[in-house]
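The values are calculated or read from the model by the stated rules, or taken from the named source; none is laboratory data. Quantities reported herein were computed from a predicted structural model and do not represent experimental measurements. Cβ placement follows ideal geometry from the backbone for every residue including glycine, while neighbour counts extend to all protein chains displayed. For the accessible areas, the whole protein counts, side chains as well, though only heavy atoms, and no ligand, DNA or RNA atoms are used. Shrake-Rupley method; radii C 1.70, N 1.55, O 1.52, S 1.80 Å.
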Amino acid sequence: MKIIRYFVLLLVAISGICVAFSQDVFVSKPVLMGNVPAKVKKYDSTTKTWGEADGYGYAFMFYLKNVSDKPLTVVTDGLSRQTSPTNPKQEVKLSMEKMTVEDGKVLVIPSREELKLIELRPSEAALMKTEFKMSVPLEEIQVIYKPEDFYDGRFGYWTG
């Protein structure tokens, strides 16, 4: 079994010490919870069609910790999971999904429950889980937690 190294955006290992660039939220190193065979969609550039292929299903957990001196609200659900290969690691980006209707003219507002908003006091943490499928085995992973505010501050959650 290959050794899987985990990297988290916003963190840099310097002499074994992790330094957070964000001054409000610390993103922990993800922990692999599961790795199972899975069917994935794969694009065939010869036939220019999508088909099924054997791949891998991954489940990771990590936590978000409030390292500021004030309470923060974080989004723990309703995030899209986009995966993309970067060199030499895979990148998993957790960001907000923006849903619109009427040809993109009307923004659909989610409920607070859908976003699973959690208020963190200083030094408190919220557990995050993410699952995704890849057509190739992972050797390194970079997780990006980057919620955006499409709702004009309505929910008051932390963005980064």
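Report the extension gain between V40 and K93 in nm, rounded to one decimal, defined as 0.36 nm multiplied by the number of residues separating them, less their alpha carbon distance.
Stretched out fully, the V40 to K93 stretch lengthens by 17.3 nm.
Can you check what the net charge comes to around L107, using other residues whose Cβ is under 13 Å from the Cβ of L107 (Lys, Arg +1; Asp, Glu -1)?
-3
Take the residue pairs K41/K105; K48/K133; K65/K133; K39/K116; K29/K65 and return only those whose Cα atoms are more than 23 Å apart.
With Cα atoms farther than 23 Å apart: K41/K105; K65/K133; K39/K116.
Students often get this wrong: which residues of segment 98-128 have the backbone nitrogen under 14 Å from the point 7 angstrom along Cα-to-C-beta of Y151?
Flagged as within label range: 98-100, 107-119.
What does the charge count near E124 come to, summing +1 for each Lys or Arg and -1 for each Asp or Glu among other residues with Cβ under 14 Å from its Cβ?
0
Provide the per residue accessible area, probe 1.4 Å, for segment 29-160, rounded to a whole number of square angstrom.
Per-residue value: 62 Å².
Picking from S95, I118, T130, whose Cα lies most toward the positive end of the charge dipole for segment 80-157 (charges on Cβ: Lys, Arg +1; Asp, Glu -1)?
Sorting the options by dipole projection puts first T130.
Net charge near V136: determine it from the other residues with C-beta under 11 Å of the C-beta of V136, scoring Lys and Arg +1 and Asp and Glu -1.
0
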